[in-house]
Structure formats: structure tokens, C-alpha cells
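Here's the structure, in C-alpha cells; my notes come after.
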Amino acid sequence: ICHSNWSRWGCAGAIGGRHWRTLKSTRRNLRLILRAHHGGERAEEAWAPFARALPIPPVAVAVGHRMDAPGRKEPRFPPGREAAVKEAMRAWIRETGAGFGVASAAAGTDLLFLEAMLEEGGEVEVLLPYPGTDFVTDSVTYGDEAWRPRFDACVKASDHVALAAVHRFEEGSSSYEYANAFLDGMGILRAQDLDTPVVRLAVWNGRPGDGPGGTAHMARRW
């Protein structure tokens, strides 16, 4: 039972639950009413408590290193760091309140992030740089076949799987550079659609990458 106007809005947010488009529509209509009633800056001030009562979680875009292939000369993301990185991701998701995740699905950062988002109750979208058969060979099972069922599970659990291109570019790094820009655009568009912020996560060793289109390139872009 709600006993005040503000608690009623809090109840409305709770009732709305995960019906994000319903909450988005309610938020949009409230802002129109407030602008018509107050106008200008006063409308934004009046909107603040409604925004808190009817929250939509941020959209998280994630990039990062793949798991090191066997025999890599200079370790970058060794398998022994998997558990620590995933736990750090889960903590980051809780801290930012992210409810939607957008990432590719390579072994390492991508799949760990998708798993972490799903484990924290979020929704995920997946972007593949090029068709899945080639991508799985190049970026999922190249070092450990155990990543394949994890890839399949994340794809199955995702709300949407997009392809950045219908084939692998001749210059392999170009596919990833293009896919990174596509990925960031997906996150921005989803956030704009939901009227919520974008937050970004990079799992990066802080050094120049092996070539264009990698994590270092995306970190500089951000």
C-alpha cells in the first residue's frame, strides 16, 4: 500500500519491473507533461525525483583481450586470470547498476562479460564481426574447445545477435576495427532508445595492441 504521492511513483517503478518499454513510455510522457507545465530548467529539476522513482538501468558496452592462445610469447590475458577478471566484472556491473550488456563473443573478455551480465540478472546483445562458423574458429575455439559451449549458451540467452559484416575482411584486423565501432554504436542506440546512460568497460593491459581494431584502439576511441 502506498501512502504518499512519491511512494506511489516508487510503487509504479516496482510494478513496472523489467517491462522496460512500458517504463520508457511512462518516463517520456511524464517529461512531456513537466515541460508543458514548468518549461525549461524547472522541468528538469521537477523531473529528477521521477527519474529516481522510475529508473532504467544503464547499457554497458564491453571490449577486452581474448584469452591467450597456447604458446603466446608475451602473456596478456593468461587463463589463470579468468576467475579474477570475471569477479571484477560482476562487481563493476553491481557498482554501475548496468542492466543491459552489449559485447562480442570471443573467448576471454567477451564471453566472461556476457556470462557475468546474465548471472547478475541483466539482458545481453551479441555482435559478431562476421558469420559465426568462421568467428568461432578464429576467436572462440582457437585455444580451448571448452569455450564453445559457453559461446553457444551466451548466444542462446541473448536478446539479439547481430552481424557487423556478412564475411571476414581480407585484412583481418579491419573486421575487428569495424566491429568495435559497430558495437559502440549498438550500445549508444540501445541507451538512446531506453533513455538511459551508456557505461563502458575495457579489460586491457594498458599496452599497444597486436594491431588495429584491438582493445587498445577502442580504449583510445573512448
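The values are calculated or read from the model by the stated rules, or taken from the named source; none is laboratory data. Since we're looking at a predicted model, the values are computed, not measured. Positions of Cβ are backbone-derived with ideal geometry, glycine not excepted, and every protein chain shown enters the neighbour counts. Note: areas computed on protein heavy atoms with side chains; ligands, DNA, RNA excluded. Shrake-Rupley method; radii C 1.70, N 1.55, O 1.52, S 1.80 Å.
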Percent accessible area from carbon and sulfur atoms, the chain, protein chains only, probe 1.4 Å: 55 percent
Identify, among Phe182, Ala106, Ala153, the residue whose Cα sits farthest towards the positive end of the charge dipole of region 96-222, taking +1 on the Cβ of Lys and Arg and -1 on the Cβ of Asp and Glu, with the dipole about the Cα centre. Phe182
For region 66-77, 3J(HN,Hα) per residue [Karplus equation, 6.51 cos²θ - 1.76 cosθ + 1.60, θ = phi - 60°, Hz, x = Gly/Pro]: 6, 5, 4, 6, x, x, 4, 5, 10, x, 10, 9
Please arrange Leu163, Leu118 by accessible surface area, largest first, computed with a 1.4 Å probe and ligands excluded. Leu163, Leu118
Tell me which GluC sites (Glu not before Pro) from region 131-222 have a DSSP coil assignment and no more than 14 other beta carbons within 10 Å of their own. Glu145, Glu170, Glu171
Could you give the alpha-carbon Rg of region 107-189 over 2.2 N^0.38 Å, rounded to two decimals? 1.06
Amide H of Gly64: which non-local residues (sequence gap of 5 or more, or other chain) have their own amide H closer than 5 Å, using H built in the peptide plane? Val203
Rg(Cα)/(2.2 N^0.38 Å) for region 56-159, N = residue count: 1.03
In degrees from 0 to 90, rounded to the nearest 10, what is the angle of the helix 5-16 Cα long axis to the longest principal axis of the chain? 40 degrees
Asserting the computed 222 nm helical MRE of the chain (DSSP H runs at least 4 long, -39500 (n - 2.57) per run, divided by residue count, to nearest 500) equals -17000 deg cm²/dmol
If you build the Cα gyration tensor of the chain and take the root of 5 times each eigenvalue, what three semi-axes come out, in whole angstrom, biggest first? 38, 18, 16
What's the angle, to the nearest 10 degrees (0 to 90), between helix 82-96's Cα axis and the longest principal axis of the chain? 20 degrees
The long-range amide H neighbours of Ala162, using H built 1.01 Å from N in the peptide plane and a cut-off of under 5 Å, are Val126, Leu127, Leu128
Return one number: the angle in degrees, 0 to 90 and rounded to the nearest 10, between the long axis of the Cα atoms of helix 20-37 and the longest principal axis of the Cα atoms of the chain. 40 degrees
So, for the chain, what is the accessible surface per residue at a probe of 1.4 Å, expressed in square angstrom? 53 Å²
